[in-house]
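Some notes on the structure that comes next.
The values are calculated or read from the model by the stated rules, or taken from the named source; none is laboratory data. In this text, all values refer to a predicted model and were calculated from it rather than measured experimentally. Positions of Cβ are backbone-derived with ideal geometry, glycine not excepted, and every protein chain shown enters the neighbour counts.
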């Protein structure tokens, strides 16, 4: 909640200090003066001092007249004086009874992006009350999120926790304070053109009307949607993380291990029981790592049990081992060439499938564009030639088959056929991607075996040329090589276990978030409290419309749309020969549009009396009757505004209505009337 306690404007020239001091009360406050006297200047100054210019426009020009920026005079007959310094100062209070004095310069002593504040602090030991100054910046990156940003501070002063909302570029940003204040402040030039706002679209926030109203009304539906969006985002991150780790596994990122049983996406089953098997490619086949390690351990143990003999004694066995090693070396070389040839073949197939999918995508867009043009009534469509085959692009007249009485496929049939072709080719592409990963892994495994066979050959050949009396080292060297491989496999197992543990953790978190998301997707986003709020708001709007003599439609037929909470009405539609819901802003007369705006804004304020909302507790109407095509009864607006709870709410109205008419209409109702004659900015003594 925020209420304006006082407002001070100063415009200083070389000779004179011009200005005005306004004191406001809780409840209804009316600033009365003739047109062009400066009423709107006072209200626009509230927007300016709070740094809310972007509520009105994307540019940051000062929303104040030249009397506060460039030149000023006392009466229209007096010469102008150049403004050397000007500023706005306001005192506000919140729901915690905290008072804050805010000052912002326009011309002169300080940069307009600097906002200075003073808050009162109770001194210790019953000493004098002290003011603590604190400066903030505005209209620079971080002003809504950083500690020294004024709008971050202002949101806290109001008791708001601004949610993050999605933008059209896919990023997120806070629901800026500037997007909310048009629901509390109706400025004279553009504010009366629509029922809500108009809200600033230059922040590029998706569904801004719905998000602003959900926050102002403090609806659970908004919180549910934000939680759902956050869950979807986190689930997306988990899916990307899963894909990255699975890619490492499938492409042999953990050296030469193949993983069996890792799904392409996280699953609930995997989170409970990760049935994964690890395999290595050895001796021309894939073997479970556990079995391959056991065989390798047995072979090492067998080698270690062989008694060492001299080179001469081991010559026969060494020669035989050399022949076996040479045969294995040749086999591995042949296997490697076969694997490389198969890899090249699958790679060419993969590239052809990608190219085919690109062509199909172009064809689909052409056919869809043609369908759109024909639906719009076009008879000349060059986007697609019906005599061409959508698969091979050959003209049907160039077929070698005899002519057929059946014509080419219709446009819708072509589109359906192309989509089916896309699905088939995408499935084939995924299969080739998986096959390429397997072939890469097999090729590296064969290459490693090939290098080890080459090392064994060299070792055996060296053993045959050593002195006859020396000890044969071929068995020792082979044992060392096999032990090195076993150590490598054990290290690979540890690294793989770490990745598998990561995948299990991702799957468990994915399952938890998915379960919560499923809960949020079932049922209505609107809670019972939400429905009660919306129903009450609708009743309040209808009641005010009756009071304000709204006559475009019976007020009882006016409802609030559930997607953006705009007033709507059922009207007859000639095209569909039935009733449809339409935004009432396009159906009501100009004068009733003004009455509808009064009703809507006062209803939002009154709703805060009985429900927990995020309404600022402040409503500002700048010239509430001036934009109407027909005269509107401002007295009824003043009377309804005087009913607000002064302990919670405040209404500021600037009007050129005559002073006696205001007093007669309000009678003994509580209000604060501030009247001016001539210019509001006057020379100060």
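Some points to look at:
Conditions (1) loosely packed, with under 13 Cβ neighbours inside 10 Å; (2) part of a helix (DSSP H, G or I); (3) at negative phi, marked per residue:
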{"site": "286", "(1), (2), (3)": "no, no, yes"}
{"site": "321", "(1), (2), (3)": "no, yes, yes"}
{"site": "336", "(1), (2), (3)": "no, yes, yes"}
{"site": "341", "(1), (2), (3)": "yes, yes, yes"}
{"site": "350", "(1), (2), (3)": "no, yes, yes"}
{"site": "355", "(1), (2), (3)": "yes, yes, yes"}
{"site": "359", "(1), (2), (3)": "no, yes, yes"}
{"site": "364", "(1), (2), (3)": "no, yes, yes"}
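- Residue within segment 245-260 that is free of Cβ contacts under 8 Å to residues at least 40 places away in the same chain, assigned to a helix (DSSP H, G or I), at negative phi and not assigned by TED's automatic domain parsing to the domain that holds residue 183 present: yes
- Residue match in segment 35-53 (condition: touching a strand residue (DSSP E or B) at 6+ places or on another chain (Cβ under 6 Å) and farther than 30 Å from residue 143 by Cα): no
- Where residue 60 falls short, out of the listed (1) out of contact with any helix residue (DSSP H, G or I) (no Cβ under 6 Å at 6 or more places or on another chain); (2) surrounded by fewer than 19 Cβ atoms within 10 Å (Cβ to Cβ): (1)
- Given (1) within 35 Å of the chain's Cα centre (by Cα); (2) surrounded by fewer than 20 Cβ atoms within 10 Å (Cβ to Cβ); (3) under 20 Å from residue 2 (Cα atoms), number of the condition residue 97 does not satisfy: (1)
- Residue match in segment 507-518 (condition: in contact with a helix residue (DSSP H, G or I) (Cβ under 8 Å, 6 or more places away or on another chain), under 30 Å from residue 589 (Cβ atoms) and surrounded by 14 or more Cβ atoms within 10 Å (Cβ to Cβ)): no
- Any chance residue 188 is surrounded by fewer than 21 Cβ atoms within 10 Å (Cβ to Cβ), farther than 22 Å from residue 622 by Cα and either assigned by TED's automatic domain parsing to the domain that holds residue 63 or in contact with a helix residue (DSSP H, G or I) (Cβ under 9 Å, 6 or more places away or on another chain) (or both): no
- Subset of segment 8-29 [out of contact with any helix residue (DSSP H, G or I) (no Cβ under 6 Å at 6 or more places or on another chain) and closer than 30 Å to residue 217 by Cα]: 23, 24, 25, 26, 27, 29
- Residue in segment 140-161 that is closer than 27 Å to residue 232 by Cα and touching a residue at least 40 places away in the same chain (Cβ under 8 Å) present: yes
- For the condition surrounded by fewer than 20 Cβ atoms within 10 Å (Cβ to Cβ) and within 23 Å of residue 228 (Cβ to Cβ), residue 198 does not qualify.
- For the condition within 23 Å of residue 659 (Cβ to Cβ), over 34 Å from the mean Cα position of the chain (by Cα) and touching a residue at least 24 places away in the same chain (Cβ under 8 Å), residue 82 does not qualify.
- Scanning segment 195-226 for residues that are in contact with a strand residue (DSSP E or B) (Cβ under 8 Å, 6 or more places away or on another chain), in contact (Cβ under 8 Å) with a residue 60 or more places away in the chain and not in a loop (DSSP other than H, G, I, E, B) returns a single hit, 226.
- Only listed residue being out of contact with any helix residue (DSSP H, G or I) (no Cβ under 9 Å at 6 or more places or on another chain), at pLDDT 80 or above and in the same structural domain as residue 342 (by TED's automatic domain parsing), chosen from 400, 373, 396: 373
- Qualifying positions in segment 274-307 - out of contact with any helix residue (DSSP H, G or I) (no Cβ under 7 Å at 6 or more places or on another chain) and modelled with pLDDT under 80: 275, 277, 283, 285, 286, 305, 307
- Filter result for residue 20 (more than 43 Å from the chain's Cα centre (by Cα) and assigned to a strand (DSSP E or B)): yes
- Remark: pairs (first residue in segment 54-74, modelled with pLDDT under 90; second residue surrounded by fewer than 13 Cβ atoms within 10 Å (Cβ to Cβ) and assigned to a loop (DSSP other than H, G, I, E, B); Cβ separation under 6 Å; 6+ apart in sequence or on different chains) = 58/202.
- Scan segment 1-17 for residues that are more than 42 Å from the chain's Cα centre (by Cα) and surrounded by fewer than 18 Cβ atoms within 10 Å (Cβ to Cβ) and the total you get is 4.
- For segment 111-138, the candidate set comprises residues that are surrounded by fewer than 16 Cβ atoms within 10 Å (Cβ to Cβ) and closer than 26 Å to residue 71 by Cβ; within that set, the residue that is modelled with the lowest pLDDT is 111.
- One residue from 154, 175, 158, 162 being in contact with a strand residue (DSSP E or B) (Cβ under 7 Å, 6 or more places away or on another chain) and under 26 Å from residue 39 (Cβ atoms): 158
- Residue 538 modelled with pLDDT of 90 or more, surrounded by 16 or more Cβ atoms within 10 Å (Cβ to Cβ) and in contact with a helix residue (DSSP H, G or I) (Cβ under 7 Å, 6 or more places away or on another chain): no
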